[in-house]
Amino acid sequence: VQGVRDGGGDPRPRRVLVFPLPFQGHIDPMMHLAGALHARAGLAVTVLHTRFNALDPARHPEFRFVEVPDGVPAGVAATGRIIDVILAMNAAMEASPAAVLGALASAMIAEDEDEEAPRAACLVIDSNLLSVQRAAEKLGLPTMVLRTGSAACLRCFLAYPMLHDKGYLPSQESQLYMPVPELPPLRVRDLFQTKISSHEMVREVIARITETVRNCSGLIINTFEALEPDELQKLRGELDLPLLLAAGPLHKLSSKTTGSSLLDQDYSCIEWLDTQPPGSVLYVSFGSLAAMDSGEFVEVAWGLANSGHPFLWVVRPNLVQDTDIAQLPDGFEDAVKGRGMVIQWAPQQEVLAHRAVGGFWTHCGWNSTLESVGEGVPMICRPNAVDQMMNARYVEEVWGVGFELEGELERGEVEGAVRKLMGGGREGAEMTERAEVLRRKVAECLDGSGSSRTAIDKLVDYMLSL
Ligand code: UDP
């Protein structure tokens, strides 16, 4: 095994199959994990993927790709709503398991006729793919699970039945700021919830996730020991798993660009950032799914313009509800000439790593949060739903590297928040200092004997022992 890691002996003795959930925030960490296993241990990788949000094999010549029929009805795919897609995909795969069984079998054994070909060691699945885990079980293929959210988020999922029994959920307006002592520092409003899917649907998705996690042969979480030490320790007690590894931030363990972006990343912003002073630019992006109404969009635009600070703003298609490409308000472009740049999709990791970027206004998706932490960039948090509220809570309350912009989006509030973070005042400066301390912890967990680097080594040894 050591020889494999060192690259000695047969450089490609085993194959790992990976199956991400087909959404940007789930694809990226899975492809980074695959990249790390391939680069560090020489493992061969086969990526299973759906037609919905299909990946482009040409962008990953080092991996094999196998398409799995997803059965997501066109109407559901068109909404792009993650919970609807998860439920539809699992239902279709369970209704006709032959399709997924066939795809898995071909990924496992197509090469077995060739004696030299690497043998499938295990399948790493997104935790939302219970139906795939069930199929793999039938084929005798061990599954490992990648959790793309925080350790705190998984603890919240495991506690979901208790949160209902005790009446925290479904949440009441009057109790939103009530602490949940079982999951400190969360309050009721920070628990995993969505506004667009029914509470019952959310419960079902979470119950399936916890079942997938409990059934797996090992769990990988995209976090690191020094970021969530208590949460990881408690999880290890709460889950009786043969292996539970904190191996993140995964994007730091494989090459910078995964080529798994579903939208084209506009690199012209890097040239523009090159012209800006160090630490001066606020990067603004709300991830791949969060949306706002047109009134909020206008308030964000004028808040940024009136702040007087340089900014790079990602206005992706569908950011504004019911419009493909949002129209910037009249006069906005003149008001921010030379100081503001608006693009449709950014190479976010490169942007956050750029010396000109001094702050990130984010929706607090877990990947965005980790990417910001990894570069020591403090945050303005505007969480919208799902795990974003709890991520924002940790950013503000536990790590002290940002603050939440709460309430209605209004230009004066936006302007004030930007000035608080970027304006050189004490509070913003302290957040920047703490972000730098956290960045150093990320660097430590990634170095030769660091916790995440060691976790990847343990993972490889374990995979090869399965
Ligand atoms: N991202 C990107 N370009 C952008 C905005 C986001 O490449 O302009 C990437 C970002 O680096 C992150 C992912 O999209 O890896 C978003 O994941 P996250 O968990 O932050 O949010 P989600 O999109 O799942 O809500």
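In the condition set (1) among the small types (G, A, S); (2) away from the ligand (no atom under 15 Å from the Cβ); (3) part of a loop (DSSP other than H, G, I, E, B), G358 is compliant with all but (3).
Just so you know, in the range 342-355 the residues that are within 12 Å of the ligand (Cβ to nearest atom) and more than 17 Å from G248 (Cβ to Cβ) include one that is most open to solvent (accessible area, probe 1.4 Å), and it is Q344.
Could you go through the range 178-190 and let me know if any residue there is buried (at least 21 other Cβ atoms within 10 Å of the Cβ) and closer than 24 Å to M144 by Cα. The answer is no, given that none of the residues of the range 178-190 is buried (at least 21 other Cβ atoms within 10 Å of the Cβ) and closer than 24 Å to M144 by Cα.
So, in the range 159-213, exactly how many residues are outside any helix (DSSP H, G or I) and free of Cβ contacts under 8 Å to residues at least 24 places away in the same chain?
Looking only at that region, the number is 14.
Scanning the range 383-402 for residues that are open to solvent by 10 Å² or more (accessible area, probe 1.4 Å) and within 12 Å of the ligand (Cβ to nearest atom) gives P383, N384, A385, V386, D387, Q388.
Return a yes/no flag: does the range 360-374 have any residue that is under 21 Å from K252 (Cβ atoms), among the aliphatic types (A, V, I, L, M) and either surrounded by fewer than 21 Cβ atoms within 10 Å (Cβ to Cβ) or without any contact (Cβ under 8 Å) to a residue 24 or more places away in the chain (or both). Among the residues of the range 360-374, not one is under 21 Å from K252 (Cβ atoms), among the aliphatic types (A, V, I, L, M) and either surrounded by fewer than 21 Cβ atoms within 10 Å (Cβ to Cβ) or without any contact (Cβ under 8 Å) to a residue 24 or more places away in the chain (or both), which makes the answer no.
The values are calculated or read from the model by the stated rules, or taken from the named source; none is laboratory data. Nothing here was measured: the structure is a model prediction, and the numbers come from that model. Virtual Cβ from ideal backbone geometry, glycine too; neighbours counted across all protein chains shown. Note: areas computed on protein heavy atoms with side chains; ligands, DNA, RNA excluded. Shrake-Rupley method; radii C 1.70, N 1.55, O 1.52, S 1.80 Å.
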